[in-house]
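One structure is given below, encoded as structure tokens.
The values are calculated or read from the model by the stated rules, or taken from the named source; none is laboratory data. These figures come from a predicted structure and were not determined experimentally. Ideal geometry is used to build each Cβ from the backbone, glycine not excepted, and the neighbour counts take in all protein chains shown. To get the accessible areas, we keep the full protein, side chains included, count just its heavy atoms, and leave off ligands, DNA and RNA. Shrake-Rupley method; radii C 1.70, N 1.55, O 1.52, S 1.80 Å.
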Amino acid sequence: MKSYLAQFCLIGLSLVTGGWVVVPEPMIAQQTQPSEQERWVEIRQVIGNVTYKGRPAQEDDRLEVGEVLTTDDDSIAVLVVDDGISTITVSERTQVKLSNLEQLFSGAKTTHFFVKQGQIRANTRKFTHPNSSFEIAFRGEDDEVEGGIAGTRGTDFGVAVGPNGKTGVSTRQGTVALTALEQTVLVEEGNSSLVVPGEPPTPPRSTNTNSQLKLQVLSATEEQNVRVVAEVDPLSLVFLNGQAVDTNRRGQLETVVPIPDNSVIRLVIRSPLGTQQVYELDLNSLL
């Protein structure tokens, strides 16, 4: 067995910025009665393998409250909320549920999503009604229990939920009110905050736009596995050979995975706003 500290061959590195569709904002008629006919969330674009209600999702499908949309590897879905309230880009390996879609007697509209795991980005226009709301809830320590809510009244922001429930929220434009354990912080333009399950949001800080991987250990084991120890921005998600990997509050990860047949492991680091860096590590020098 051979063991090395941070000795590897970097054979691929790319920076990818997630895209989204911008939908023109139409005129909005004032409503005095709630109407289910006028509220909808539509799948506007599907790339790769996207599943909805146990079948392949299709463009123009409309999500029902309580139903889950799931994206696979290298897959993306773009959602549009009825009258142009928001355009939402759902990245790969993400599970998102439409949890509430209502129009109140006052004319206010409430739109709420729940992200169990993965990353989404929402571009949301300003509301015409003061009591309207757009919120993205994310899970805590329990798979189905909310650990926090990111609410907005017109902004461009992203949410990244890790497999252990640790969640990063970044705001590109506008302001997001991030709430967990009944404590709220305002995440303004260019800033980010982190929520660890069972804790309130961290104080907002300037967003790190460089989602780099700091590799600390890459070593082969006797069981034909490879041990990876590294550090990333705590807000980011990490995928190793397509599988989400837990990181702690400081963004540190340590995992052991089988050595692939091609002796190359692929690491993807994805920020809450959807930007990502891809690393491919050649293990031949370890074998």
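For residue 58 and residue 214 in the same chain, what is the full-extension length gain: residue separation times 0.36 nm, less their Cα-Cα distance, in nm?
52.3 nm
Can you tell me the accessible area per residue over the stretch 115-173, all protein chains present, probe 1.4 angstrom, in square angstrom?
For the stretch 115-173, the solvent-accessible area averages 34 Å² per residue.
If you take the beta carbon distance between residue 126 and residue 222 as r and set R0 to 41 Å, what does 1/(1 + (r/R0)^6) give as a FRET efficiency, to the nearest 0.05?
Rounded to the nearest 0.05, the efficiency is 0.10.
Using the Cα gyration tensor of the stretch 63-128, with a ≥ b ≥ c the square roots of its eigenvalues, what is the shape: rounded (a/c below 1.5), prolate (a/b larger than b/c) or oblate (neither)?
Prolate, because a/c is 1.5 or more and a/b exceeds b/c.
From the gyration tensor of the Cα coordinates in the stretch 29-179, what semi-axes in whole Å does the equivalent ellipsoid have, largest first, with each one equal to sqrt(5λ)?
After diagonalising the Cα gyration tensor, the semi-axes are 23, 19, 14 Å.
Average projected area of the Cα convex hull of the stretch 100-164, in nm²?
With every direction weighted equally, the projected area is 4.4 nm².
For the stretch 105-249, take every pair of Cα atoms, bin their distances at 10 Å starting from 0, and report each bin as a whole percent.
Percent of pairs per bin, in order: 11, 39, 30, 13, 5, 1, 0.
How far apart, in nm, are two points set 7 Å out from the Cα along the Cα-to-Cβ line at residue 284 and at residue 261?
Calculated label separation equals 1.8 nm.
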